[in-house]
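So the structure is just underneath, and the comments pick up after that.
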Amino acid sequence: MSLTPRDPLSLLHLSFNQDHSCFSATTFYGFHVYNTNPFHQLFRRKFPPSALSSAEMLNQSNIIALVGSGSHPHFPINKVMLWDDQQGKCIGELSFRSTVRAVKLRRDRVIVVLEMKVFVYNLADFKFLLKMETVANPKGLCAVSQASDSIVIACPGLHRGQVRLDHCALKKTSFMTAHDSGIACLALTLDGKFLATASTKGTLIRVFHTANATLLQEVRRGSNAAQIYSLTFDCNAQWLAVSSDKGTVHVFGLKVNSAILEHENSGNSSNSDAGSTLSRASLSFTKFKGVLPKYLKSEWSVAQFHLHEASRYIVAFGHQKNTVIIIGLNGSFYRCEFDPMHGGEMTQLEHHNLLKSEVASEKMLDESLH
C-alpha cells in the first residue's frame, strides 16, 4: 500500500546514530529522535507537509543531516541540509546535480552518496576532499569508520559485486570482488578494520580484513535467497547481526580477531603458511572441496529472533552486553538478549510501538492545551 501525506505518522526512513545509542525516524511531516536504552523519544521537529528521505544524526549532538523526498519536498532532494536543532535552523548545505541517495557522518567528515558517485567533505567548512565513482547505487550503499585516527570508506566499486575501499589517511584505494552478484549491503567496524558484505542473493555474508582485502570468514544466513536490510558489528567485532525480509534477525559469532592475530604471529612463516592460517580461521573446508554441499562450508548463526510482523527492519547492538536493538518501518521497537554460549532464540526484553507512542503523546499534548 502506497503512503500519502494523509498518513502523518507513517515512517519513511530509520537510522541509528554512530554508537547505536539513538535512532532517528522520518515521516511526511518531519523527524523524530529516540533514545534506545531506556527507550523514549528525545525530541521531534515538524515541518510543513513534506517528506524526508533521511535524517542522519552526528553521534549524540544536535547536528542532523536532512534530505528531502517526494514531489513537493520542504528540503530539495538534491541537497544535504545540515540542521542544528539547538538553533532550530539549517547551518549549511551541500548541493548536487542529482538526487542524494544517502548521507553518512563522522566528527570530521560528511559523506554524500549519489546514484553513481560518492563525495567526501570536511565537516567544519564543507571543503571538498574526495570524489569516488561507483556502479549504479540506488540504495546509497556506503559505510564509514568512526575512529578518530582512521578514516575508512567502503562503497560499491565500478563493477557488479565489487567493493571500493578508501583508507583516506593513507591515501590508499583498493578494489575487491566480494561477490559474484551485486552488493546488497555492507558495514564497517568502528575502527574500519573489518568489512562485512552481503550480495543480492542474501544467503552468504562475508567478512574481510580491510588492510589487504583478505577474506576472513563466511557465514550463512540461510539457503534461500533473501533481501538483506542491514548488517552491523558489535563494538569489539565479536558478533555480527543481520536482518532480512525473511522476518528473522540473525547473530553470528566472529573469529576475525583471532584470525588476524594468528596471521600476525605467523609473520616469520612463509606466505603459504599465513594463507593457510586464514583459511582455517574461515572454516573453508578446502580438503573436502567438491564433496561437501556448499551450505555446509559456511557457518550458521548462533542466535535468532523471529519477528511476527512483515516489515523492513534494521538492527544494532545495544550498550548492554549481548543485547540487540531491532526497529522497523511499521513502528516496532524490540530490545532482545542472546545467549552467547547456547545461542538459540533470543529473549525479548521489551517491545514498543513508535506510532502508538506518538499518538499517545499527541493526545496528552491536546489535553494539556485544553
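Readers should treat all values here as calculations from the given coordinates under stated rules, not as data from a laboratory. Because the structure is a prediction, the values reported are computed rather than measured. When we count neighbours, we look across all protein chains shown, and the Cβ atoms used for this are built from the backbone with ideal geometry, even at glycine.
Any of Lys117/Lys193; Lys89/Lys193; Lys131/Lys193; Lys46/Lys127; Lys46/Lys246 with alpha carbons more than 26 Å apart? Name them for me. Provide the component values of the computation, followed by the final result.
Working: Lys117/Lys193 23 Å; Lys89/Lys193 36 Å; Lys131/Lys193 22 Å; Lys46/Lys127 30 Å; Lys46/Lys246 34 Å.
Pairs exceeding 26 Å: Lys89/Lys193; Lys46/Lys127; Lys46/Lys246.
With θ set to phi - 60° and the Karplus curve 6.51 cos²θ - 1.76 cosθ + 1.60, what are the ³J(HN,Hα) couplings of segment 339-346 in order, to the nearest whole Hz, using x for Gly and Pro?
8, x, 8, 9, x, x, 5, 5
Summing +1 for each Lys or Arg and -1 for each Asp or Glu, what net charge is found among the other residues whose Cβ lies under 10 Å from the Cβ of Val80?
Overall, the nearby charge balance is -1.
List, in order, the whole-Hz ³J(HN,Hα) value for each residue of segment 121-131 obtained from phi through the Karplus relation with A = 6.51, B = -1.76, C = 1.60 and θ = phi - 60°; use x for Gly and Pro.
10, 6, 5, 5, 10, 6, 5, 5, 10, 7, 10
Amide H neighbours of Thr214 under 5 Å, at least 5 residues apart or on other chains, H built in the peptide plane: list them.
Excluding prolines and chain starts, which carry no amide H, the hits are His209.
If you take every residue apart from Asn122 with its C-beta less than 12 Å away from the C-beta of Asn122, what net charge results, scoring Lys and Arg +1 and Asp and Glu -1?
Taking every other residue near Asn122 into account, the sum is +2.
How many angstrom separate the Cα center of segment 212-235 from the Cα center of segment 133-179?
16 Å
Mind listing the long-range amide H neighbours of Glu93? Cut-off is under 5 Å, sequence gap 5 or more, other chains count too, H placed in the peptide plane at 1.01 Å from N.
HN-HN under 5 Å from Glu93: Leu82.
Tabulate in residue order the Karplus-calculated ³J(HN,Hα) for segment 138-151, using 6.51 cos²θ - 1.76 cosθ + 1.60 with θ = phi - 60°, rounded to whole Hz; enter x for Gly and Pro.
x, 7, x, 5, 5, 9, 9, 6, 10, 5, 5, 9, 8, 10
Arranged from highest to lowest average of other beta-carbon atoms within 10 Å per residue, in what order do the peptides 196-206, 133-143, 226-236 appear?
Sorting 196-206, 133-143, 226-236 by mean packing, highest first, produces 196-206, 226-236, 133-143.
Kirkwood hydrodynamic radius, segment 10-140, all distinct C-alpha pairs: what's the number in Å?
14.8 Å
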